[in-house]
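Notes to accompany the following structure.
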């Protein structure tokens with residue numbers, strides 16, 4: 001088995017926790033910190049009703065357009081959790097928050113009289129789990145993947161990854177190969193979301209140097225469409241068996257703090 005440096009651990013709480021009114025408890029966000037929150041998309045009728053009451057007319061329409069009751073309820077919880085988490089940083093009621101679509105379809109929070117270090121966030125959800133990353137004054141990207149899916153990982157790596165990365169994938173087999181494939185995938189997607197291009201940016205042009213023993217952050221270099229090199233760092237998240245997450249930001253030296261809804265602790 002291949003061993004990697006210990007990532008930041010993040011516990012996913014049931015999303016129904018957000019209906020306890022905890023969104024009114026402020027959370028301080030220090031300079032250079034990225035806060036991460038994890039939720040499992042489970043809720044009661046009361047949770048669904050609370051989340052729907054916070055949405056704009058446009059958001060409610062998008063949720064209603066989702067096919068299937070289970071997926072529709074999960075879409076409600078995703079939007080409700082985002083509003084509840086961001087309310088803890090803004091001091092506003094979840095219903096008062098306003099959003100716009102930024103570069104690459106990335107959601108952005110719109111605040112009146114926004115300071116010089118505006119609040120930035122990103123999210124990812126997969127197979128009933130949700131990851132939210134929040135920071136100030138810098139763009140951030142997040143990705144979450146379930147690693148239980150079977151696929152021809154070597155063929156995918158040869159198609160989408162840089163030559164050096166696909167060569168590393170080819171050196172492994174079975175579960176180790178799948179795990180390495182997904183580590184590259186979440187790192188690349190988180191970084192490209194941070195850059196505001198998402199998967200419209202070339203995965204092969206986004207190269208990840210996975211951390212050596214004793215390091216958690218993985219340096220990333222991406223060559224944009226103009227040929228300029230952009231440098232950042234990805235930090236991995238442990239989110240339970242068969243799951244892997246990552247957050248990305250430009251530059252280095254920032255730190256990730258995992259948060260729990262009840263505010264009892266923040267795990268560093």
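Derivation of every value follows stated rules applied to the coordinates shown; laboratory data play no part. This is a predicted model, so every value here is computed, not measured. Virtual Cβ from ideal backbone geometry, glycine too; neighbours counted across all protein chains shown.
For segment 119-268, the share of alpha carbon pairs falling in successive 10 Å distance bins from zero is 11, 42, 36, 10, 1 percent.
Among 199, 111, 130, 86, sorting on how many other beta-carbon atoms sit within 10 Å of each Cβ, with the fewest leading, yields 199, 111, 86, 130. Segment residue 255..residue 202, full-extension length gain: 16.4 nm, with 0.36 nm per residue of separation and the alpha-carbon distance subtracted. From least to most packed, judged by other beta carbons within 10 angstrom and beginning with the fewest, 18, 244 follow the order 244, 18.
Helix 69-90 axis versus longest C-alpha principal axis of the chain: approximately 80°, rounded to the nearest ten. Between residue 126 and residue 238, the modelled label-to-label distance comes to 1.8 nm, taking each label 7 Å out from Cα in the direction of the beta carbon. Residue order for 62, 106, fewest other beta carbons within 10 angstrom first, comes to 62, 106. Using the rule -39500 (n - 2.57) for each DSSP H run of four or more residues, divided by the residues of the chain, the 222 nm mean residue ellipticity is -9000 deg cm²/dmol.
Run through the DSSP bridge list for segment 8-263 and note the antiparallel percent, rounded to the nearest 5. Once the DSSP bridges in segment 8-263 are tallied, antiparallel ones form about 80 percent.
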